[in-house]
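Engineer: Quick one: the structure is below, questions incoming.
What follows is calculated from the coordinates using simple rules that are stated; it is not laboratory data. This is a predicted model, so every value here is computed, not measured. Quick reminder, even Gly has a Cβ in these numbers, built from the backbone with ideal geometry, and neighbours come from all protein chains shown.
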Amino acid sequence: MNRTGEKKPGFDELLEKLETTVGRLEDEDTSLEQALELYEEGIGVLKECLARLKEAEGKVSMLVREGEEVLREVDFTGREVPSSQRPGAGSVEDVRAEESE
């Protein structure tokens, strides 16, 4: 929620708004003044979309199974996430101990 207590729009809603804005910009009947306002609005929505994507990129991780039950965490690009950057991450032995309980 934002400062006024309203729910923030989701990424899909923002993307739809951006597509609508672009469509209005492409309309030949849009005046220069309207086009400038739409462009400014579109840039703001685009920045919010990019911020959301960057935030999601930071959260995305995958567990990759390698060999004999050895797990490592990688980000969405396949680069290994150092254990120091994994909040609450334990060792493989910790994971195995939890699984056997």
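Engineer: For a quick check: sort LEU14, LEU53, LEU25 by the number of other beta carbons within 10 angstrom, fewest at the front. Let's see the in-between values first.
Structural biologist: On the way: LEU14 18, LEU53 11, LEU25 15.
By the 10 Å Cβ count, ascending: LEU53, LEU25, LEU14.
Engineer: Dividing the Cα radius of gyration by the Kirkwood radius, what Rg/Rh value follows for the range 11-59?
Structural biologist: On the way: Rg = 12.5 Å, Rh = 11.4 Å.
Ratio of gyration radius to Kirkwood radius: 1.10.
Engineer: Could you please report the charge total around THR20, scoring K, R as +1 and D, E as -1 over all other residues with beta-carbon less than 12 angstrom from its beta-carbon? Intermediate results must be reported in sequence, preceding the final value.
Structural biologist: Values: positive: LYS17, ARG24; negative: GLU13, GLU16, GLU19, GLU26, ASP27, GLU41.
Overall, the nearby charge balance is -4.
Engineer: Please arrange THR77, THR30 by counting, for each residue, the other beta carbons lying within 10 Å of its beta carbon, fewest first.
Structural biologist: Working: THR77 7, THR30 15.
In increasing order of surrounding Cβ atoms, one gets THR77, THR30.
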